[in-house]
Amino acid sequence: MPSQVKKENIKSLFRYYSADNYNLNWPYLFTLPFWLQSWWNVFGGESELMLRSVWHEGKLMGVAPLRKRIKEAFFIGSADVCDYLDFIVQEGEESNFFNTLIPGLRQEGIDKLILYAQRPEAAVFRLLARESIASEYRVNFEREDHAFEITIPKDWNSYLANLKKKQRHEVRRKLRRLENETENYSYRVISEKKDIEHFLPRFLELFEQNPEKADFLTDNMERFFKTLILEAADEGLARFGLLEVEGVTAAAILYFEYKKRVYLYNSGYSSDYASLSSGLLSKILSIKDSIEKEQSVYDFLKGREVYKSRLGGKAVPIYRVEIYL
């Protein structure tokens, strides 16, 4: 049976994701069906859906979650809210997948494939590591950003030992100050959907206390966030981490857990507790909580905020790849 490319829709993604017999690799949180659907429903109006599956000898090799504008194809999603994007491919089948997909896209009139938010282990790089597709197609790639992440150690003392001396001192000092200058504080995690839904308006209030974030939170972006968070809660992936001082939420982080990886997605803090560095402390306590829960990676995601490296994050380059068909 010859290889072929088939047209798909968003419902197809959910079907392939929920079935056990396809052996597809859904590498990141941002490639999951609920995430792509949430983005498409809010921001997809300026492009045309171009979801394609690739079959080889009657077996599903992978899915290309694409959209198109005129003669250019992009991933569903955008780099500002989808930190990592990728094809959904069976591991080891990258050659069969791309060798069928790319000619199929070309036959549909696509001249250029523009892939944002590509980590070094993305499917297109796994292919390039084994063979060159540049002999037939011109491929350009450039570094567009950095992400930062921590490989989570076995315990809190090991984490502190991995920090630079100055930063280790600062973490300890801020925690001591929190203990000494408050009568009581706690850090707790909300994971049930009903609790997440109840806290969501308060989180957005904290989020908007940062003027830069308030400008980012347009009506469409707020609609996307609300939909996304509740959909993620349905999947059991959404979390709010709350730093509470004397019963008041001083800071909160929004994060997701997927494949033993913690994705720190957004945060907010009350200006009343800025002197305590409550925003930074909520992240420190979240790292501590992730160590105790034996997670594998704490991912600060994209952006070069200084605190990420100071808390032990190591830089990961993020690329944009362009394939001229």
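Under the Karplus relation 6.51 cos²θ - 1.76 cosθ + 1.60, θ = phi - 60°, what is the ordered set of whole-Hz ³J(HN,Hα) values for the range 91-98, x standing for Gly and Pro?
For the range 91-98, the Karplus-derived couplings read 4, x, 10, 4, 5, 4, 5, 6 Hz, x marking Gly and Pro.
Would you mind computing, in nm to one decimal, how far apart the modelled labels at Lys164 and Arg69 are, each placed 7 Å from Cα along Cα→Cβ?
Distance between label points: 4.0 nm.
Decide, for the range 189-325, between rounded, prolate and oblate: order the square roots of the alpha carbon gyration tensor eigenvalues as a ≥ b ≥ c, take rounded if a/c falls under 1.5, and otherwise choose prolate if a/b is larger than b/c, else oblate.
rounded
Under 5 Å between amide H atoms, partner at least 5 residues away or on a different chain: which partners does Ser267 have, H built in plane at 1.01 Å?
Excluding prolines and chain starts, which carry no amide H, the hits are Leu254.
5 Å is the cut-off here: which amide hydrogens, built 1.01 Å from N in the peptide plane, fall below it relative to Ala251, excluding neighbours closer than 5 in sequence?
Residues meeting the amide H criterion: Leu243, Ser270.
Tell me the Rg and the Dmax, in Å, that the Cα atoms of the chain produce.
Using the Cα atoms of the chain, the pair Rg, Dmax is 21.3, 71 Å.
Amide H neighbours of Met61 under 5 Å, at least 5 residues apart or on other chains, H built in the peptide plane: list them.
Excluding prolines and chain starts, which carry no amide H, the hits are Val54, Trp55, His56.
Can you compute 3J(HN,Hα) from phi for each residue in the range 22-36, using the Karplus curve 6.51 cos²θ - 1.76 cosθ + 1.60 with θ = phi - 60°, rounded to whole Hz and x for Gly and Pro?
8, 6, 7, 9, 9, x, 10, 3, 6, 9, 6, x, 5, 5, 5
So for the chain, averaging the separation of alpha carbon pairs under 8 Å that are six or more residues apart and normalising by length, what relative contact order in percent results?
Answer for the chain is 23 percent.
Can you pick out the pairs among Lys259/Lys288; Lys260/Lys293; Lys166/Lys260; Lys166/Lys293; Lys7/Lys71; Lys11/Lys260 whose Cα atoms lie more than 20 Å from each other?
Going by Cα-Cα distance, Lys166/Lys260; Lys166/Lys293; Lys11/Lys260 fall outside the 20 Å limit.
Using DSSP to call loops (not H, G, I, E or B), can you name the GluC sites (Glu not before Pro) in the range 185-276 whose Cβ has at most 14 other Cβ atoms within 10 angstrom?
Listed in order of number, the matching sites are Glu192, Glu246.
To make sure I understand the rule: partners must be aspartates and glutamates, Cα under 13 Å from the Cα of Lys112, and not fewer than 8 residues away in the same chain. Which ones qualify?
Cross-link targets: Glu72, Glu322.
Convert each backbone phi in the range 171-185 into a coupling constant with the Karplus relation 6.51 cos²θ - 1.76 cosθ + 1.60 (shift: θ = phi - 60°), then list the ³J(HN,Hα) values in order as whole Hz, x for Gly and Pro.
So the J values, rounded to whole Hz, are 4, 5, 5, 5, 5, 5, 5, 4, 5, 7, 9, 10, 6, 7, 8.
What value, in deg cm²/dmol to 500, does the helix sum -39500 (n - 2.57) over DSSP H runs of n ≥ 4 give at 222 nm once divided by the residues of the chain?
-11500 deg cm²/dmol
Cut-off 10 angstrom, C-alpha nodes, Gaussian network model of the chain. Which of Tyr298, Tyr84, Tyr137 fluctuates the most?
With Cα springs under 10 Å in the chain, the top fluctuation among Tyr298, Tyr84, Tyr137 is at Tyr137.
Coordinate-derived values only; no laboratory data. The model shown is predicted, which means the values in this text are computed figures rather than measured ones. Heads up, the Cβs are rebuilt from the backbone with ideal geometry, glycines too, and the neighbour counts pull from every protein chain shown.
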